[in-house]
Amino acid sequence: MSKQQSDQYYSQPVEDVLRQFGVDLHSGLSEQAAKERLAEHGPNRLESTKQKSVYTIFLEQFKSSMVLILLVAAVISGVIGVMEGEGLVESFVILAILVVNAIIGTVQEVKAQSSLEALNKMSAPHTKVLRGGQVEEIVSTDIVPGDIVVLDTGDIIPADLRLIETANLKIQESTLTGESVPVEKSEALLEAREIPLGDRDNMAFSTSTVTYGR
């Protein structure tokens, strides 16, 4: 069952989750309910922002108050050094540290942008859902909270899901947890309230892949 918020559905019985989303296990959402929820919650996609250029990201590294203070200190140190005949060594050292720090910050932010773009590209273009008692294929961006998603071997998970029925299901979650071995999944309730993402065996996470079962 698809969800949009990170509530602890893994620690709730399937019946309670179905009730919260107002959906029937055997028929799924009606087309009208799905249409209304899509209008209310919007498309099922990661929020994306306009990509910044590397130049813009680099300049933004100098906006913090601490960096500005150090820039002023470098200028003052340079003026004093020239006046006292000691040169600009201290100023250059401060500036070099600031530039190196800005380069590191720029690299990290560019990597973060690339990771988000990669996740969007990995998202499944289509998926199967149960609506009005019939299994139908829809565009993944049209999934809404409460949709019952039908998974098969080879499918890419289109959204974070609470599993409600499984049969020998295994999912590859290496993109999320770094674990190379597919994880065995089941719909069984997990009693603990705080469970690490990699141990939530009754959940399936967006962009991971079904390697076996359903």
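Here, each number is a calculation from the coordinates, and none is a lab measurement. Predicted model only: the values in this text are computed from it and were never measured. Cβ placement follows ideal geometry from the backbone for every residue including glycine, while neighbour counts extend to all protein chains displayed.
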Can you tell me, using C-alpha contacts under 8 Å and at least 6 residues apart, the relative contact order of the chain as a whole percent?
29 percent
Coordinate range along principal axes, alpha carbons of the chain, Å, largest first
85, 36, 30
Per the C-alpha gyration tensor (a ≥ b ≥ c, the square roots of its eigenvalues), segment 125-173 is rounded if a/c is under 1.5, else prolate if a/b beats b/c, else oblate; here it's prolate
How big is the Cα convex hull of segment 54-121 in projection, averaged over all directions, in nm²?
4.8 nm²
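I need the helices of the chain that pass two filters: whole DSSP H segments spanning 20 Å or more by Cα along the axis, and mean Kyte-Doolittle score no lower than 1.6. Walk me through the numbers on the way to the answer.
Numbers: long enough: 65-83 (27 Å, 2.68); 89-122 (49 Å, 1.01).
TM-like helix candidates: 65-83.
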Lys/Arg +1, Asp/Glu -1 at C-beta; the chain dipole; positive extreme among SER186, ALA73, ALA112:
ALA73
Assigned charges on the beta-carbon of Lys, Arg, Asp, Glu; segment 48-187 dipole about Cα centre (debye):
280 debye
State, in angstrom, two size descriptors of segment 93-209 derived from its alpha carbons: Rg to one decimal place and Dmax to the nearest whole number.
18.9, 70
Output for segment 51-114: trypsin sites (Lys or Arg not before Pro) sitting in coil per DSSP, at most 12 other Cβ within 10 Å, listed by number, reads LYS63
Is it possible to state the helix-based mean residue ellipticity at 222 nm for the chain, with each DSSP H run of 4+ residues giving -39500 (n - 2.57), the sum divided by total residues, to the nearest 500 deg cm²/dmol? What is it?
-12500 deg cm²/dmol
Size of charge dipole - segment 54-121 - debye, nearest 20, with Cβ of Lys, Arg +1 and Asp, Glu -1, no other charges:
340 debye
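Let me check against my output: what whole-number percent is the relative contact order of segment 54-121, with C-alpha pairs under 8 Å and at least 6 apart?
For segment 54-121, the relative contact order is 39 percent.
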Whichever aspartates and glutamates have a C-alpha closer than 13 Å to that of LYS52, once near sequence neighbours (fewer than 8 apart) are set aside:
GLU60, GLU109, GLU117
